[in-house]
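The values are calculated or read from the model by the stated rules, or taken from the named source; none is laboratory data. Since the structure is predicted, the reported quantities are computational estimates derived from the model, not experimental observations. Here the Cβ is made from the backbone with ideal geometry for all residues, glycine too, and neighbour counts use every protein chain on show. Protein only, heavy atoms only, side chains kept; ligands, DNA and RNA dropped before computing areas. Shrake-Rupley method; radii C 1.70, N 1.55, O 1.52, S 1.80 Å.
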Amino acid sequence: MKNYVGDHTTVDPTSPTVTRRRIVLFPLPVQGHLSPMLQLASILHAQGFKIIVMHALQNTPNYSNYPHFTFKPIADGFSEIGKHMPEKPDPSFFITYRNENSADSLKECLAGLLAEPNEPPVACVITDAEYYIAQEIADSLNVPRLVTWACTLVSVLVYRDISYFYEKGYFNLTSKDLEYEAPVPEYPLLKVKDVIKTSRNPNGMGKYFTKVMKQVKASRGIIWNSFKEPEEAILQTFSHDFPIPRFTLGPLQRYLPLSSSSIVFEHDRTFFSWLDAQAPKSVIYVSFGTLAKITVLEFQEVAYGLVNTGLPFLWVVRPDVVEGSEWLESLPEKFPEQMGDRGRIVKWCPQKEVLAHEAIGCFWTHSGWNSTLESICEGVPMICSPCEVGQPIIARYVSDVWKIGILLEDGLEREEIQRVVKRLMFEKEGEEIRERINLLKKEVSISFEEGGSSYLSLKGLVDYISSL
Ligand code: UDP
């Protein structure tokens, strides 16, 4: 299987050197966080640990896909959230709610697991970094906690500094202010507007991330879904500010088979015969991930932008991606005829398989971290349309630092979309971008070889957990 590199990471569970200690994981129940955590669980299972996954009642993993894991549901009152919802909730509202309403259930479940007779000891609990309440609970039960982050290192530093940027007045700036386009003095590779775009409610996000960071620093280690090479420049600052063990053993998905069952939405596979018939590197693949939303106007600009390129495209339109729409009802009237057989629209697809398909020429993405890593692993150059939180930072790195894609700087507008597609698909600049992303793809492969950075990091993590 193309991407399967499990050979050097899988151990013989009957070997006497294999520890069968238990590891308890607790992911955030949104796909972009849930899937890397389940990938990590599979990797650690292959290393000989017994796996227990505590999970919220929403987006419950399909137990039958993980027959070797034990699952424990955690109540977090999320079904009642509607009663408490502010007018314009932002991500910090949802995650804070989950944190505050899952503490009792989490503590009870973890205490129960620790007290289970005839089971091997629990080596550690690994939670999403954003479950800040887990640290105190782990401390009170005397069990080490490690955290996972599903984004780049630099975005974590920016999250930590949101309150500082808020006090500095960044979030009052508009595109008319000179400073809006200026570099951020503390992070000169980023522009002030990138920081502004991370947070709709910077005051709330700032307070929330202050809590998260305090508990991350108190944890016993950070596991990153990334690999060392692209993060090298920031690793030193990061190590200074977060002096706890760090493990960059990703991209985690690369340890596992390319095709996998869907975690949250059902995969459409009906378009593959159409995709097989397209010329190599000719198709624009478009998807804005699991949570991003766009307005009807933006949706229509995407539609016009796509048909006007004259290129084939595969467009994932998640049913709730367009604000106020059920699905495709806001498409421009003549769009179906204009698209003809040149395009396909689906609700959800097996993205990693799509990106690995030879017909895909570029990926127009919202710059979620999983999508970005998946694109790097397949050497597919990107067009970036970030929305919020880490996405504007990832997009800036993709376009200006790693130079493996082009950022649509000023939103979704059909003529700009056409220009950017042309630059990426037909011009020298696009060729160079393709060469660079292929080099990064090779670096991923090297990092997984014996002695490579991800290889060593996984070994380091297993040794570390075994020593706890
Ligand atoms: N994804 C998928 N099918 C689709 C679109 C997306 O399987 O049609 C997956 C994609 O492979 C990625 C995840 O959804 O693993 C999105 O995660 P990401 O971090 O990119 O963005 P988020 O959804 O968290 O904003």
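Worth pointing out:
- Among the residues of region 15-72, just one is within 16 Å of the ligand (Cβ to nearest atom) and part of a strand (DSSP E or B), namely Ala56.
- Some residue of region 282-298 being touching a Phe, Trp or Tyr at 6+ places or on another chain (Cβ under 9 Å), over 30 Å from Lys88 (Cβ atoms) and part of a loop (DSSP other than H, G, I, E, B): no
- Scanning region 80-110 for residues that are more than 22 Å from Leu34 (Cβ to Cβ) and touching a helix residue (DSSP H, G or I) at 6+ places or on another chain (Cβ under 9 Å), we see that the one that is least open to solvent (accessible area, probe 1.4 Å) is Pro86.
- Condition check for Ile360: within 16 Å of the ligand (Cβ to nearest atom), more than 19 Å from the chain's Cα centre (by Cα) and open to solvent by less than 10 Å² (accessible area, probe 1.4 Å): yes
- Of the residues in region 260-267, not one is within 11 Å of the ligand (Cβ to nearest atom) and closer than 14 Å to Met339 by Cβ.
- Of all the residues in region 268-298, those that are away from the ligand (no atom under 16 Å from the Cβ) and open to solvent by less than 40 Å² (accessible area, probe 1.4 Å) number 1.
- Given (1) open to solvent by 10 Å² or more (accessible area, probe 1.4 Å); (2) within 16 Å of the ligand (Cβ to nearest atom); (3) touching a residue at least 60 places away in the same chain (Cβ under 8 Å), index of the condition Asp320 fails: (3)
- Test: residue in region 233-247 that is within 16 Å of the ligand (Cβ to nearest atom), touching a strand residue (DSSP E or B) at 6+ places or on another chain (Cβ under 6 Å) and either outside any strand (DSSP E or B) or not basic (Lys, Arg) (or both): no
- Tallying residues that are under 12 Å from Leu153 (Cβ atoms) and without any contact (Cβ under 8 Å) to a residue 60 or more places away in the chain within region 243-262 yields 1.
- Test: residue in region 380-390 that is free of Cβ contacts under 8 Å to residues at least 12 places away in the same chain, touching a helix residue (DSSP H, G or I) at 6+ places or on another chain (Cβ under 8 Å) and over 22 Å from Leu157 (Cβ atoms): no
- Filtered residues of region 417-468 (kept if of a type in the set (D, E, K, R), in contact (Cβ under 8 Å) with a residue 40 or more places away in the chain, farther than 16 Å from Ser226 by Cβ and assigned to a helix (DSSP H, G or I)): Lys422, Arg434
- Of all residues in region 366-378, those that are at positive phi have Cβ atoms under 7 Å from Cβ atoms of residues that are within 8 Å of the ligand (Cβ to nearest atom) and of a type outside the set (A, V, I, L, M, F, W, C), 6 or more apart or on another chain, in Ser367/Gln391.
- So Phe242, is it modelled with pLDDT of 95 or more, out of contact with any Leu (no Cβ under 7 Å at 6 or more places or on another chain) and open to solvent by less than 10 Å² (accessible area, probe 1.4 Å): no
- Trp327 being under 17 Å from the mean Cα position of the chain (by Cα), modelled with pLDDT of 95 or more and either within 20 Å of Gly289 (Cα to Cα) or aliphatic (A, V, I, L, M) (or both): no
- Lys50 falls short on exactly one of the conditions (1) open to solvent by less than 50 Å² (accessible area, probe 1.4 Å); (2) at pLDDT 95 or above, and that condition is (1).
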